[in-house]
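Reading through the structure tokens given below for one structure.
The values are calculated or read from the model by the stated rules, or taken from the named source; none is laboratory data. Because the structure is a prediction, the values reported are computed rather than measured. Cβ coordinates were reconstructed from backbone atoms using ideal geometry, including for glycine residues, and neighbour counts include every protein chain displayed. To get the accessible areas, we keep the full protein, side chains included, count just its heavy atoms, and leave off ligands, DNA and RNA. Shrake-Rupley method; radii C 1.70, N 1.55, O 1.52, S 1.80 Å.
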Amino acid sequence: MSETDGPVRVALVNDHVIVVRGLAAMLADYPDRVQVVELDALRDPPRDVDVVLKDAFGMIDDLRDFVETSTAKVVVFAYATDRDAVKAALEMQRRLAKINENFRGNYPRLVEVKKKYDPTNLFRLNANVKPAA
């Protein structure tokens, strides 16, 4: 993002109000660089933001669906010391990077098309694009 584009639009997604408000307060010191546009404990990824800060809380399966259907970049933070959970998150990141590479940055648009024309995910074999939530 260039300096002329304005601040990065951020959504904070966490199920603990104190964390969401604390992060928002910390980011409020940088209004020229960051604009917090949504504070929520959403299950679905918010739209019309540049970045989502998402607390995974060790729920890798929920996280996978959230990240795959998000149209924004997702930054995940979590308190997870379980080796298998960390490995699963890293593997998911590698897989999503490969998906983005294969679809040449069109994945978010494809998710929206899939939601419109195949919301039940009937066509799910091969290089599946999951419908947006």
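Within region 113-124, which residues are open to solvent by 70 Å² or more (accessible area, probe 1.4 Å) and assigned to a helix (DSSP H, G or I)?
Looking only at region 113-124, we keep the residues that are open to solvent by 70 Å² or more (accessible area, probe 1.4 Å), and these are 115-117, 119-120, 122-124.
Answer for region 113-124, where residues must be open to solvent by 70 Å² or more (accessible area, probe 1.4 Å) and assigned to a helix (DSSP H, G or I): Lys115, Lys116, Tyr117.
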Do any residues in region 1-30 that are within 22 Å of Ser70 (Cβ to Cβ) and modelled with pLDDT under 80 have Cβ atoms under 7 Å from those of residues that are in a helix (DSSP H, G or I) and not acidic (Asp, Glu), where the two are at least six apart or on different chains, and which pairs are they? Asn14/Val20
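Mind checking whether some residue in region 48-59 is part of a loop (DSSP other than H, G, I, E, B), under 26 Å from Leu90 (Cβ atoms), at pLDDT 80 or above and open to solvent by 40 Å² or more (accessible area, probe 1.4 Å)?
The first filter runs over region 48-59 and keeps only residues part of a loop (DSSP other than H, G, I, E, B), leaving 48-50, 56-59.
Subset that is under 26 Å from Leu90 (Cβ atoms): 49-50, 56-59.
With at pLDDT 80 or above added as a condition, the list becomes 49-50.
From what's left, open to solvent by 40 Å² or more (accessible area, probe 1.4 Å): 50.
So far as region 48-59 goes, yes, one or more of its residues are part of a loop (DSSP other than H, G, I, E, B), under 26 Å from Leu90 (Cβ atoms), at pLDDT 80 or above and open to solvent by 40 Å² or more (accessible area, probe 1.4 Å).
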Restricting region 13-42 to residues that are within 17 Å of the chain's Cα centre (by Cα) and part of a helix (DSSP H, G or I), the one surrounded by the fewest Cβ atoms within 10 Å (Cβ to Cβ) turns out to be Leu23
Can you name every residue in region 103-112 that is assigned to a helix (DSSP H, G or I) and not acidic (Asp, Glu)? Phe103, Tyr107, Pro108, Arg109, Leu110, Val111
